[in-house]
Structures are given as C-alpha cells and as structure tokens.
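All remarks here apply to the structure that follows.
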Amino acid sequence: MTTDILNIADKTFKSRLFTGTGKFSSSDKMREAIIASESELVTVALKRVDLENESDDMLAHLKSNQINLLPNTSGVRTAKEAVFAAELAREALQTNWVKLEIHPDPRYLLPDPIETLKAAEELVKLGFVVMPYIHADPVLCKRLEEVGVQCVMPLGAPIGSNKGLKTLEFLEIIIEQSNVPVIVDAGIGAPSHAAYAMELGADAVLVNTAIAVSQNPVEMGIAFKMAVEAGRMAYNAKLAPIKKHAEASSPLTSFLNDLN
Amino acid sequence: MSFKNTFETYDWDTLEKEIYEVTAEEIEKVLLKDKIELEDFKKLISPAAKPYIEEMAQRSNTITKKRFGNTIQMYIPMYLSNECQNICTYCGFSMDNGIRRRTLSDTEILQEAEHIKKLGYDHILLVTGEANKTVGVSYIKHAIDLIRSQFSNISIEVQPLLQEEYETLIQSGLYAVLVYQETYHKATYKTHHPKGRKSNFDYRLDTPDRLGKAGIHKIGLGALFGLEDWRVDSFYTALHLKYLQKTYWKTKYSISFPRLRPHQGGLDPKVEMTDADLVQLICAYRLLDEDVELSLSTRENELFRNHSVHLGITSFSAESKTNPGGYSVEPESLEQFEISDERTTEEIKNMIQSQGYEVVWKDWSKSYVNFI
C-alpha cells in the first residue's frame, strides 16, 4: 500500500492520526497507546507539564524520534493569555508549533472564535506554526487561512463527548473550501467516526478521550490507526457515488433506441 | 441581581416536603433520562432513591471517566492562621474557644511551603480564620506573593471579601476561592453564627457573585453537613451552582462535602449524614453535572476514600494538617478539626494508582493567572 504524505509547514507525516495525552490511567499506558497508534504528532497541555522540570513524567514518556510534541494552550481564556502561553512553550519545548485553544467556557470547552482569530494573527506574525482549534465554522476557517495559519482544526462535537461528527454539514463545506489541511478535532469517539472523517476528505483527525478512556488503550490506538488508514484509502480511491434514485432497468426513453 | 433573588423564590419547608415525598416510580423515570436537571437532582437526593445508589454509582463512574478520564487531582491545605473574630458553634477556631492563636510569619510560611513542595504538591489551598485586622487582604496577598514561584495553582479558603479585593488577589496569581455557605437555612445559620461578620447570611450568600464578577477562574461551593438537613442544603447548593454556571460562564466550579468532624469544644451534628447518604449525594451531583469537580478531603476515613475514587470524585487532599504551622513549624499545635484519613501522601498516591488511576499533581499553569 502506498501512503500519501501529509505536509504541514516544514514537517511531513505518514500517519494522519494525531493523538492527545490527557485522561490516561498512567504515563506508561499513555506511551504504549501512542506508540501502538503510530501517531507522529501528540498534543500536550501546557498546564499539565512542568516546563521547568526536565524530568517531568509526561514529557519523559514522550521522548521519541517518531513523536513530535504539539503544545496546546488549553486553559487560557483570552488571546493575550494564549500568546503568552505559546511563547512560554516555544522557549521551554523548543518548538514553534502550537495548538491554539482558547475556550473561556470551562464546561463544554467550546472555542472562542473572536479571541482565536486575534491570537492566530498575532502568533503567525511571531513566527509560530498555528493549529487553531475552532468550531466547525467555514467562514472562520477562511479568515484563519487569510491570517496565515498552517491548518484548521474544526470540532466534530464537544471535546470528550465521543458523539462523532455532529457538525458534518459544516465539515463538508470546510473541507471543500480549504487551502490548508483540515484536521477534525474533538468529538471523535469511535474508529468508525475517524474513518468517516477521512472518507469525507479530512486531512487528519485528532483523538484523545476515545483512546485514553477505553478499556484497552493500546488496542484502541491500533484500531484508530487502521480506521484512519482505511478512511484515507477510501477517499483516495474515490467512493462510488450515492444515487438518490434507483436506476431503472427499463428507462422511460429506451424506446428511442428502437426507433433507429 | 445576584443569587439572593433566585434563593428567595424557594422555601426551605416546601423543598423539604417535596424531597421526602418522592416515590420510587419517580426515581425510575429520572434514571431513564439522558439529561438530569435540577428537579431530577431533587429526586435523586431523596430517601426514595436509596435503593438506586448502585445504579447511580455505575452511571456516575462512567460519565466521570468520560469527562475526567482515569485521573485524580491532588491538592493540600496550608493553614496560615487560626485567629478568628467569629463565633461559630462548630469550629475549633471560634473566637470563644480558648486556644492559643498564631499567624504564620514570612519565614514560617516559606518553611511550610518548602515542606509541602517536597511532598510533591503543586496545588495548594491557603486557609485562615476570619480576622480581617491580622489576616486581611494584604496578609493573604503577601502570602501568595511569597509562595507564587513554587506552586502552579494557589487557592484560598478565607473570609468573604469584596469584589475589588478578589480582583487584587487574582492579579497576584490567585486561581480559586472556596467559600461554603455552611447552611442555606437562614435561621439555623444565625444560630450557629451568633457573632462576627460571618453572622451576615446575605453577605456570605452573595460571595460567589462577587467572585464571578471579579473574574475568578474557579469557585468552590458546599454546605457543612450536620448543621441542617443535608438533602435540602444540597438542593440549595445545586441551585446555587446552576445559577452561577449560567451567570459566570467562564468560571469553573467545584463541590466539596464537609461533614462535621470532632474538634475542641465540638458540636454534635443535628442531622447525621451516613456514608451511604454521602455516596448518594456524590453520585447525584455527578449525574446533574458531568463537568463539576467533586472534591473529598481527609475528613473522610480510609475505607470511604478508597472507594470514592470510583464514585465520581475528581480531587483529593492528603496528609492534611489543619493547624497553622502543622507540617513543619509547630506540628503539635491545636487543629481546627481532626482528620480521619491519616495516611501519607505516598500512601494515598499508591492507593489511587493501584485502582488504575493516574495521580495528577499539576493541572494549571501559573502563567495563565500571572501573565502581566
């Protein structure tokens, strides 16, 4: 099987499955599951790691040539806080990549579109590779693209809900219109959801809760890997069209053939 | 507008009657629902719901795992002062209690902080009595300034303050404020707080509103179980929570479950809350709200705490000392109340891990509150 490569900024990815690090029962379990999933981009909440401590448990477990760390700004409520957090992460983790998350609502963790756009613009100017977590809003995606983000990360459903692609209609528009990779983030609760997102043409998916909270995170990591590959392969192979009407075996106009 | 307006539309006696008249049939209907609302919560905390505790616990476990994963957060209290100008009938710090008073000095605060840091903690809760002259806002601010570099997450449990005072402390790096109403029964509240600023029921009731307006990151709510009927008090707490969540939507909330504990000059609880009652309540809160943090302190015993990991609790304290300087400065001084779970932090950590949960020490960045 040939795998097509995903490019974001200066990096290439064989795997289109990005993963998270929260909610695992232990750092060992987290590492095992991520390795099994073959994910090459792993998001880490700044608030969870001790940037001043080189032996931080989570960071120590993620040290691998195959794993790129993607710090996220989860916990900030404003653009100003996000920019500050991103700068801290850049300095401490030696990466200019940042997953921009601004959710002033601590319950459903829904992203603030206005603050996100403001922060994205500022961070791009400061030389960051910005991956914004947003609602599935096609216009916002285009606005973010205009300010220079390297991809967009619309949600399928609220974070951790495992509800799947509740924003389907808007994801389709975003995928159709986007000039930057579209990574479906949040809400993906089952490998079938991930496969569906990939079949639709998403460039990648980000999954955390569904793997971390499953009974067997390692096997679930593998299941997601396979689902993402299958979905991507199906997208590349072009799905057979869905027809709204049955194709009649004796069309109404077949008599025209008899006239000749 | 404040919670007081909502509060006044409810009547304690009517609520009590409604809670005690719930039937098994009503509970079964509630348990079929996907979304549990305040009226459903009222039913889940009723005596009629007792036979359904296991079912509630199973559901609580599942939704807690979905939202919080397999993790338990750790925090520890640090008592700064036992000076207090209130008389509270149930509290060891009460002004009429003839104990030796002390307030930690800068050196002592740093010594205690260093000791706590070595235990592994990154989330600290600063606690004082209510003595505005000696442990007023400037003392609290100074204490935060002293220890800010050592902890990512600093919370306080002190006297209710003004909005501007909270704003000052937030600027200094304060993350959360815990303020319990003790009881929502106005007459009973007055009986237990006969003297001091704390006797002002309305001022205390409005405190979370002042915190919300000040833009605090997290507010901790709760009632002190034993002063009044826990079921009615818990309904009011849930009502308070729902009001706050709608009004101050950027703030996070936590609920604690303090039951009256023995202390110097102690008070016998008016209403007993059994372990089964507490399990029922924890699960009812989780069913009402998937996201609210539920916290359990060392007031509870080992057995109960071991099992609560699976019930919906999301944060734990351990090895707590409830006397100023109790960790290293003056371990033998008088405590505010006796703790029940005396295991070390290491033992608690091992207990949590052995149940398949990750112990989380750090879940906040001080840069988020201290970015200026």
Exercise. Post the alpha-carbon centroid distance, segment B:279-343 to segment B:48-67, in whole angstrom.
Key: 20
Practice problem: Pairs of Cα atoms under 8 Å, at least six residues apart: use those to get the relative contact order of segment B:3-371, whole percent. | Solution: 25
Exercise. Loop only per DSSP, at most 13 neighbouring Cβ atoms within 10 Å: give me the trypsin sites (Lys or Arg not before Pro) in segment B:65-142, ordered by residue number.
Key: B:R100, B:K133
Quiz item: Taking N as the number of residues in the protein assembly as shown, what is its Cα Rg relative to 2.2 N^0.38 Å?
Solution: 1.05
Quiz item: Given the convex hull of the Cα atoms of chain A, what is a quarter of its surface area in nm²?
Solution: 17.4
Self-check item: Cleavage-rule hits (GluC sites (Glu not before Pro)) in segment B:223-294: DSSP loop, at most 13 neighbouring Cβ within 10 angstrom
Solution: B:E272
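Report the relative contact order of segment A:158-241, percent, no decimals, based on alpha-carbon pairs under 8 angstrom and at least 6 residues apart.
That works out to 31 percent.
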Exercise. Just round it to a whole percent: the fraction of Cα-Cα distances in segment B:174-256 exceeding 15 Å.
Key: 55
Quiz item: Taking a probe of 1.4 angstrom, what is the accessible area of B:T9 in Å², to the nearest 10?
Solution: 100
Self-check item: For B:F225, residues with placed amide H under 5 Å, excluding near neighbours
Solution: B:R259, B:L260
Quiz item: Which of the listed residues, B:P51, B:F225, B:G212, is farthest toward the dipole's positive end in chain B, when Lys, Arg count +1 and Asp, Glu count -1 at the beta-carbon?
Solution: B:G212
Quiz prompt | Positive-pole candidate from A:V147, A:P191, A:S214, dipole of segment A:118-239, charges at beta carbon | solution = A:S214
Quiz prompt | Distant-in-sequence amide H partners of A:K166 (H built 1.01 Å from N, under 5 Å) | solution = A:A157
Quiz item: When the helices in chain B are scored as -39500 (n - 2.57) per DSSP H run of 4 or longer and the sum is shared across all residues, what 222 nm value do you end up with, to the nearest 500 deg cm²/dmol?
Solution: -12000 deg cm²/dmol
Exercise. Can you send over the solvent-accessible area of B:T107, 1.4 Å probe, protein chains only, in Å² to the nearest 10?
Key: 100
Practice problem: Rounding to the nearest 20 debye, state how big the charge dipole of segment A:35-136 is about its Cα centre with +1 on each Lys and Arg Cβ and -1 on each Asp and Glu Cβ. | Solution: 220
Quiz prompt | Under Karplus coefficients 6.51, -1.76 and 1.60, residue-wise ³J(HN,Hα) of segment B:252-257 in Hz, glycine/proline x | solution = 8, 10, 9, 10, 10, 10
Quiz item: How many square angstrom of accessible surface are buried between B and A, both sides summed, with a 1.4 Å probe and rounding to 100?
Solution: 2600
Practice problem: Work out the mean other chain Cβ neighbour count within 10 Å for the residues of B:355-362 and drop it here as an integer. | Solution: 5
Practice problem: Could you pull out the GluC sites (Glu not before Pro) across segment B:332-372 that fall in loop regions by DSSP (anything but H, G, I, E, B) with no more than 11 other Cβ atoms inside 10 Å? | Solution: B:E332
Quiz item: Can you tell which of B:T188, B:T247, B:F257 lies farthest toward the positive end of the dipole of segment B:3-371, using +1 and -1 charges on the Cβ of basic and acidic side chains (Lys, Arg; Asp, Glu)?
Solution: B:T247
Quiz prompt | Mean separation of Cα contacts under 8 Å (6+ apart) over length of chain A, as relative contact order % | solution = 18
Quiz item: Rounded, prolate or oblate: which one fits segment A:79-196, using the alpha carbon gyration tensor with axes a ≥ b ≥ c (rounded when a/c is under 1.5, else prolate when a/b beats b/c, else oblate)?
Solution: prolate
Self-check item: Shape category assigned to segment B:1-133 from the gyration tensor of Cα positions, a/c cut at 1.5
Solution: oblate
Practice problem: Taking Cβ-Cβ under 4.7 Å as the only way to count a partner, pick out the unpartnered cysteines of chain B. | Solution: B:C84, B:C283
Quiz item: Hey, what's the Kirkwood Rh for chain B if you take every pair of different alpha carbons, in angstrom?
Solution: 20.9
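Report the charge-dipole magnitude of segment B:1-83 in Debye, nearest 20, computed about the Cα centre from +1 at each Lys and Arg Cβ and -1 at each Asp and Glu Cβ.
Computed about the Cα centre, the dipole is about 600 debye.
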Exercise. Check the straight Cα-Cα distances from A:K14 and name the lysines below 22 Å, setting aside those fewer than 8 residues away within the same chain.
Key: A:K63, A:K99, A:K225, A:K238
Quiz item: Counting Lys and Arg as +1 and Asp and Glu as -1, each charge on the Cβ, what is the dipole of segment A:6-259 about the Cα centre in debye, to the nearest 20?
Solution: 320
Exercise. Leaving ligands, DNA and RNA out of it, work out the accessible area of B:K252 with a 1.4 Å probe and give it in Å² to the nearest 10.
Key: 50
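The values are calculated or read from the model by the stated rules, or taken from the named source; none is laboratory data. Every value quoted in this text rests on a predicted model; they were computed, and no experiment measured them. Quick reminder, even Gly has a Cβ in these numbers, built from the backbone with ideal geometry, and neighbours come from all protein chains shown. Accessible surface areas use protein heavy atoms only, side chains included; no ligands, DNA or RNA. Shrake-Rupley method; radii C 1.70, N 1.55, O 1.52, S 1.80 Å.
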